[in-house]
1. Pop the C-beta distance of residue 252 and residue 67 into the FRET formula with R0 = 41 Å and round what comes out to the nearest 0.05.
2. Comparing 181, 237, 255, which has the greatest mean-square fluctuation in the GNM of the chain with Cα pairs linked when under 10 Å apart?
3. 222 nm [θ] for the chain, helices only, -39500 (n - 2.57) per DSSP H run of 4+, per residue, to 500?
4. At a Förster distance of 25 Å, what's the computed FRET efficiency of residue 75 paired with residue 205, Cβ-Cβ distance as r, to 0.05?
5. Quick one: in the stretch 31-140, what % of C-alpha pairs are over 18 Å apart?
6. Hey, what's the per residue convex hull volume over the C-alpha atoms of the stretch 6-95, in cubic angstrom?
7. Using 0.36 nm per residue, how much length does the chain from residue 148 to residue 212 gain when fully extended, once their Cα-Cα distance is taken away?
8. Could you compute the FRET efficiency for residue 233 and residue 176, with r as their C-beta to C-beta distance and R0 at 41 Å, rounded to 0.05?
Ligand code: SAM
C-alpha cells in the first residue's frame, strides 16, 4: 500500500482530482487499448490515472508543475521501474525531447482547466512525435475542438486543432467525479494527428495569425475582420463570400487564404 499524505487542492493549478473509480477505469482502458510504448501524462496530480497506468504500461513519463505533489508520485513509482517524473510546466516543456527514434508518444491527462487552451495550442505543434492524445477537459472546450463550421462553438481552437488532429468526442463526465467538485461538466476527447495532412498551409504561423485575427472580430464580416490581410479582390478570386462571418469559413478556406498570401508574397 502506498501512503497518501493530505493535499489541499490548489486553484491556481486547476486541481480537481478524479475520484470516480469507474471513470478512472474507463479512461485507463481507452489509453492502454492503443498499446503505446511510451505514455506521457500531463498533470498526474495525486496519481489517480498514474497508479493504474504504472502496472499496465511499459514506460510512463509524468509532467507535474506542483512540487508538493512530487513526493506522492515518487512513492507511487517506488515499486516500479517504469516511471519518470518531471517537475515542470507543460507550457515550457519541449515534448520532442522525450521522443526516441521510431517511437511515438501517447499523451494523456486530466488537464488543468484554467490553462487548457494554451496547453492545447502548445501541444498542437507536436503532431509528428505523437501517436494520439487522450484528454479530459471541460466539456465546453471539447465541444469547441470537435465543432462544425457555422456552429457557435466553432472558432480558433477548432481550426488550429483540426488542422493537425482528427478529434473524437468520447464521453461526458459529471462534476461529481472530481474532488473538489468543479462547476462544469467535463468530457474525454481523443486527438489523432494526421500522418499526412489533408490540407497543408504553406506557412502555419501565418495561418495562426489569420485565424486569430478573424476570430478576434467574430461578429464582423470576414472582409472587415481580416482588414490589413486581405481585400475583396482576393476573396473573389478564392470564391469566398466576403459578407460571411469568420465562423462560416471552413478550415480549407482559411488555408487557401493563407496559401494565396504566401504565393502573392513570393511573386513580389
Ligand atoms: N491527473 C490528476 C487527476 O485526474 O486526479 C490531476 C488532474 S488536475 C485537473 C490537473 C493537474 O495538472 C494538477 O495536478 C496540477 O497541479 C497540474 N498542472 C497544472 N498546471 C500545470 C502545468 N502548467 N504543467 C504541468 N502540470 C500542471
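Quick note: the coordinates plus some simple rules give every number you see, no bench work behind them. What you see is a predicted model, and the numbers here were worked out from it, not measured in a lab. Please note: Cβ atoms are built from the backbone with ideal geometry, for glycine as well, and neighbour counts cover all protein chains shown.
1. Between residue 252 and residue 67 the formula returns 0.35.
2. Largest GNM mean-square fluctuation: 237.
3. Taken over the chain, the calculation gives -9500 deg cm²/dmol.
4. Here the calculated transfer efficiency is 0.05.
5. Working: 2719 of 5995 pairs.
Above the 18 Å cut-off, the stretch 31-140 has 45 percent of its Cα pairs.
6. For the stretch 6-95, the hull spanned by Cα atoms encloses 102 Å³ per residue.
7. Working: separation 64, 0.36 × 64 = 23.04 nm, distance 1.76 nm.
Gain on stretching residue 148 to residue 212: 21.3 nm.
8. Result of the calculation: an efficiency of 0.15.
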